[in-house]
């Protein structure tokens, strides 16, 4: 019957997203830019915002906090200045703090974000990207309020309390959660994403960033699984 699709019989199909006949089909390279406007737009804006405000420090370029500090999220603002905190949660995802983060976010969007936007549409990727960034900032910020300094007063949490939080990596991990949610058996993808974040934490991060990432990924997974029904393939 025209327009119907059956689940793929490939051995790994049940662990992969959109192998059950849902989601928009591939429409060809010529239509690709028109089908992923958010991914392309975000990457362009993020690079355009970063380059003029960046300065070289060691091996990387870093954002100049003096130039954009009023747009970056700080945990104490959640209780000390809530309007500023909300504004910074909206503006922060567009401003990546160094060139390494910017390249990482760009790669995640091109590999996973583009597929999600192709399959689910621009509105859904915008909701997931910014919605999970927002939830991650609130969850991680209020969790830190509960921990520091009354329960656990260590240098690790002191740094998290006093630093700026910014960039699109939390939104990208929200998309990773949404990406996994579209698999019939999402456990393998979720395990791979968690293992990857643990590896990156061990070799590079060693800070509170992973709390933002994991909370965003969990939010993206649950929101997509529970509240964003899969699109029938013939719908788009």
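Table: residues versus (1) surrounded by fewer than 13 Cβ atoms within 10 Å (Cβ to Cβ); (2) under 16 Å from the mean Cα position of the chain (by Cα); (3) in contact (Cβ under 8 Å) with a residue 40 or more places away in the chain; (4) over 19 Å from residue 98 (Cβ atoms).
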site	(1), (2), (3), (4)
200	no, yes, no, no
203	yes, no, no, no
209	no, yes, yes, no
213	no, yes, yes, no
218	no, yes, yes, yes
222	no, yes, yes, yes
225	no, no, yes, yes
229	yes, no, no, yes
232	no, no, yes, yes
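Can we say residue 221 is over 26 Å from residue 148 (Cβ atoms) and assigned to a helix (DSSP H, G or I)?
Details: over 26 Å from residue 148 (Cβ atoms): yes; assigned to a helix (DSSP H, G or I): yes.
In short, yes.
Would it be correct to say that residue 31 is free of Cβ contacts under 8 Å to residues at least 24 places away in the same chain and assigned to a strand (DSSP E or B)?
Numbers: free of Cβ contacts under 8 Å to residues at least 24 places away in the same chain: yes; assigned to a strand (DSSP E or B): no.
Judged against the criteria, residue 31 is not a match.
Within region 139-157, which residues are closer than 22 Å to residue 170 by Cα, without any contact (Cβ under 8 Å) to a residue 40 or more places away in the chain and outside any loop (DSSP other than H, G, I, E, B)?
Those that are closer than 22 Å to residue 170 by Cα, without any contact (Cβ under 8 Å) to a residue 40 or more places away in the chain and outside any loop (DSSP other than H, G, I, E, B): 146, 147.
Looking at the structure I just gave you, is residue 223 modelled with pLDDT of 95 or more and in contact with a strand residue (DSSP E or B) (Cβ under 9 Å, 6 or more places away or on another chain)? Step through it out loud before you land on a result.
Values: modelled with pLDDT of 95 or more: yes; in contact with a strand residue (DSSP E or B) (Cβ under 9 Å, 6 or more places away or on another chain): no.
When the stated conditions are applied, residue 223 does not pass them.
Identify the single condition in (1) surrounded by fewer than 14 Cβ atoms within 10 Å (Cβ to Cβ); (2) touching a strand residue (DSSP E or B) at 6+ places or on another chain (Cβ under 9 Å); (3) modelled with pLDDT of 95 or more that residue 41 does not satisfy, given that it satisfies every other one.
All conditions are met except number (2).
Of the residues 211, 135, 128, which single one is in contact with a helix residue (DSSP H, G or I) (Cβ under 6 Å, 6 or more places away or on another chain) and under 26 Å from residue 27 (Cβ atoms)? Quick ask: steps written out before the conclusion?
Details: 211 fails: under 26 Å from residue 27 (Cβ atoms); 135 fails: under 26 Å from residue 27 (Cβ atoms).
That would be 128, the only listed residue that is in contact with a helix residue (DSSP H, G or I) (Cβ under 6 Å, 6 or more places away or on another chain) and under 26 Å from residue 27 (Cβ atoms).
I'd like the full set of residues that are in contact with a strand residue (DSSP E or B) (Cβ under 9 Å, 6 or more places away or on another chain) and either outside any helix (DSSP H, G or I) or modelled with pLDDT under 95 (or both), limited to region 199-218.
208
The values are calculated or read from the model by the stated rules, or taken from the named source; none is laboratory data. Note that this is a predicted model, so its numbers are computed, not measured. For neighbour counting, all protein chains shown are included, and Cβ atoms are generated from backbone atoms with ideal geometry for every residue, glycine included.
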